[in-house]
1. Sort out which residues of region 530-580 are outside any loop (DSSP other than H, G, I, E, B) and hydroxyl-bearing (Ser, Thr, Tyr), and write them in order of number.
2. Determine which member of the set 604, 641 is touching a helix residue (DSSP H, G or I) at 6+ places or on another chain (Cβ under 8 Å), outside any loop (DSSP other than H, G, I, E, B) and not assigned by TED's automatic domain parsing to the domain that holds residue 848.
3. Take the residues in region 452-500 that are assigned to a loop (DSSP other than H, G, I, E, B) and in contact with a strand residue (DSSP E or B) (Cβ under 6 Å, 6 or more places away or on another chain), then tell me which one is surrounded by the fewest Cβ atoms within 10 Å (Cβ to Cβ).
4. In region 528-571, which residues are over 35 Å from the mean Cα position of the chain (by Cα), surrounded by fewer than 14 Cβ atoms within 10 Å (Cβ to Cβ) and closer than 24 Å to residue 470 by Cα?
5. I'd like to know if region 197-218 contains one or more residues that are of a type in the set (Asp, Glu) and over 28 Å from the mean Cα position of the chain (by Cα).
6. Out of contact with any Gly (no Cβ under 8 Å at 6 or more places or on another chain), assigned to a helix (DSSP H, G or I) and β-branched (Val, Ile, Thr): is that true of residue 428 in this structure?
7. With the condition being in contact with a Ser or Thr (Cβ under 9 Å, 6 or more places away or on another chain) and not hydrophobic (A, V, I, L, M, F, W, C), I'd like the strands (runs of 3 or more DSSP E) fully within region 248-346 carrying at least 2 qualifying residues.
Amino acid sequence: MKFFYCFISLVFTINGCLSQSNKKQTVLLEKGVSKELACFRKHQINDVSYELSFSIPLEKSESILSNLILNLTLTDLSQPLYLDFNEKTENIKSIQANGTPIAINHQKEHLLIASENLKLGRNTIAISFVAGNSSLNRNDAFLYTLLVPDRASTLFPCFDQPDLKAVYTLTITAPKEWKVLCASPLNNKIAKGDFITYSFDESDKMSTYLFSFVAGEFKSVAKKSHSSSSTFLYRENDAEKIKESTDVIFKQHEQAVTFLEDYTLQKFPFKKLDFVAIPSFQYGGMEHVGAIQYSESDLFLDTKATESEKLERAKLIAHETAHMWFGDLVTMKWFDDVWMKEVFANFMADKIVNPLFPEVNHDLQFLTSHYPSAYAEDRTAGTNPIKQNLENLKNAGSLYGNIIYDKAPIMMRQLEMAMGEKAFRKGIQKYIQKFANKNADWNDLIAILDYQTSLNLNKWSDVWVEQSGRPIFSETIEYDNDNRIKKFEIIQNAEDASNNIWPQLFEIGFVYNDSTKILPVTIKGKTTTLLDAMDLPKPISIIYNYNGYGYGVFPVDKTCLDSIASIQSEVARASSFINLYENTLLGTISPLDAFNANLKSITIEQNELIINVLSSQINTLFWKYLTEKQQQVNQKIISDIIYNRLQENLPSNIKKTLFGLLSAIAYSETDKERLYQIWNKEIVINNLKLNEDDYTNIAMDLVIFNHPKSAEIITKTKQSISNPDKQKRFDYLLPSLSNEEAVRDTFVESLKEEKNRENESWVLSSLKNIYHPLRQESAKKHLKSALYLTDDIQRTGDIFFPKAWLSNSIGRYSSIYAFEVVETFLKENPNFSPILKRKLMQATDGLYRAQKIKKETE
């Protein structure tokens, strides 16, 4: 087990902290929650309960008056009691310790209660305060808390660390038209004038980041689900979406619970399972105990939804439900293991949805869902290990990204395959049983899994979990005089030039005229000799990673690019296209050759998941890696190919996916007029099912393409939006859509003020409009300020916002100008946050690669 050192003058042997002195000295106080503070408090505090009350006024501009009664047991009075409260000191109105009023001592985001005001054993602290607004997500008609990873302290005084689990008793007074939902069942409600006071039962035990409540003007539906009743709050007003989605949402939660109870041998661990759909929610979902929050647009689908959209909704529901066991019931000790809850949620979600979609190739779905996203970060100069070091919880948001959401499930599937599914599952069951309602780390899990396998899991984990990067594979093949294989070696080298070797299993396909010979490969060292290939006839081509299980970049035969589209296996076909793209970014294949191979395949491909891959790659290759001359030549070719395919007799989900690609590149005079006619319903494409949101998106594309009727398009679109939340979003986006550069410039300047960035999903949509490839020349003057604003974005935003801010601004560029802006910024700011620099390198990987690729092309 790895230990961390508590860099405080008082050091002790407790919960992994190494004792060096027994002298009474002072804990080093700093902003955030440091490891040393968390370590001391875990030793000092136990049996925590919070009694919280919040009075929500009618007006959003008014403060929320609040009270806290904190009960806890203290085992050490050598230090003060440190409560976290990342708000203004004036928000603290009064404090009582064990019935005695005391002075307010608020320093560096902490509220200090002196030892002389405390006693060994049970203590009660009463605090009157104004709730912090930064994590309340207040709208005119609703609000919701979102406290992951360290934001609970921005709302109320607490111990904001995951290993101090507590119970909560909540009372909320809200306007009488509002509904309230939290982790606990409702105990009582009392109406008084224009308000209702809701009193809830004591909650299950949870970490502070999982505490939540939602209040507002929501519709409500309750259904019997599993062994109890579940309540669903939502604001959606589209009757078709509500009809098509509501029963499915309840059913898929129930199916997920049933699967997880069976897989873990642990009954659903909490008092209830409610959920709420929130307009423009920052994430897909958040696993609050008993009251999951979801993005409204991800849950509510209509009859026009594609199979991929339905599958993604099912995976989202399964992911958040899996968190009830993995994250909520068993929680990481420290946020350096936040990836553990995410990997299990994603890993279990993939297992859960399989029986729900029997027609889907789930190996293909796993491949297309995880591999491109994992590679998108792991190939960059800003990549990081799955498990990262974290000295202070204030930086915990930086740990989130594609590595933990997408590479980690790939790692876990490799581990399950190496151990065997039965042994792996047994280990997981023991893990859940041992650490239920407790905290655990990766070493705790590895210790349990070690008993189930003969593998050296510590060595295996070191490269997959503790190290970053991916392998680049090459081959050595020799043939005898009869053209039979006499030597076949696979060589693995780390992309980052380290000595790392990733043990893994995958398959290779040897393609012949009438058959494909598939051979298993077990990689253990730098060089692997494939003995099963000895004496095989020389193949027409070799398909690496045939089953899609391997992780890395594999050899590709430049002479066989046109044949990828004809590979019979869907997984092998998709894997080959993903590998082709990765080789393009490495410089092995030219962007135009890769583009043409993708384009050829999209003319005949019948699988929606593969079409999604092809569309994404074609779009990126076109806008980022083709030269301007190549774009001019190929724009009409793409649009004609896609438009002609739309005339074919294809399933609606295939057509909608193809139409998304058409909309992204239909900027020529001919194409945008055709797109306008589709938007205006003058052209109706058979079996292309578009809804209100789709027409809104087409309208925005037309305005960005500078259609001559842009003003009319905007007016008509505003009139057609029926949902008031979506109307507010569209109004927010209007300046970023404007064809007047000065209007767009003013809008970009407004983003420097925090109040104008409150709805992060709206901000990110606006950035896509501002920095669209067709507008990048006019927007490049904003790039420098966008970089300088990143510090503030991290300080005020939620966990995914800094990377998304960079990806949707400078990350959209491929020009030498933008490259020089980044280089100059880094030279002028040598002390730029290493955390943010890593995010910047992830966001601008394509920009950096484009410099070399385009230079070689030209």
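The values are calculated or read from the model by the stated rules, or taken from the named source; none is laboratory data. Note that the structure is predicted; figures quoted are calculated from it, not measured. Cβ: placed from backbone, ideal geometry, glycine included. Neighbour counts: every protein chain shown.
1. Our first condition is that a residue be outside any loop (DSSP other than H, G, I, E, B); within region 530-580, this holds for 531-533, 537, 541-544, 553, 558-566, 570-580.
Answer for region 530-580, where residues must be outside any loop (DSSP other than H, G, I, E, B) and hydroxyl-bearing (Ser, Thr, Tyr): 541, 544, 559, 563, 566, 575, 576.
2. Numbers: 604 fails: outside any loop (DSSP other than H, G, I, E, B).
Checking each option against the conditions leaves just 641.
3. Pass one, region 452-500, residues assigned to a loop (DSSP other than H, G, I, E, B): 452-456, 465-470, 480-483, 495-500.
Restricting the remaining residues to those that are in contact with a strand residue (DSSP E or B) (Cβ under 6 Å, 6 or more places away or on another chain) gives 469, 480, 495, 500.
Working: 469: 19, 480: 11, 495: 17, 500: 20.
Top of the filtered list is 480.
4. Answer for region 528-571, where residues must be over 35 Å from the mean Cα position of the chain (by Cα), surrounded by fewer than 14 Cβ atoms within 10 Å (Cβ to Cβ) and closer than 24 Å to residue 470 by Cα: just 529.
5. The first filter runs over region 197-218 and keeps only residues of a type in the set (Asp, Glu), leaving 201-202, 204, 217.
If we keep only those that are over 28 Å from the mean Cα position of the chain (by Cα) as well, we get 201-202.
Yes, there is a match, as at least one residue in region 197-218 is of a type in the set (Asp, Glu) and over 28 Å from the mean Cα position of the chain (by Cα).
6. Values: out of contact with any Gly (no Cβ under 8 Å at 6 or more places or on another chain): yes; assigned to a helix (DSSP H, G or I): yes; β-branched (Val, Ile, Thr): yes.
So residue 428 fits the description; yes.
7. Numbers: elements: 274-278, 291-295, 330-332.
Those strands (runs of 3 or more DSSP E) span 291-295.
Yes or no, residue by residue, for (1) in contact (Cβ under 8 Å) with a residue 40 or more places away in the chain; (2) farther than 21 Å from residue 506 by Cβ; (3) not assigned by TED's automatic domain parsing to the domain that holds residue 362:
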{"position": "552", "(1), (2), (3)": "yes, no, yes"}
{"position": "559", "(1), (2), (3)": "no, yes, yes"}
{"position": "565", "(1), (2), (3)": "yes, yes, yes"}
{"position": "580", "(1), (2), (3)": "no, no, yes"}
{"position": "591", "(1), (2), (3)": "yes, yes, yes"}
{"position": "596", "(1), (2), (3)": "no, yes, yes"}
{"position": "600", "(1), (2), (3)": "no, yes, yes"}
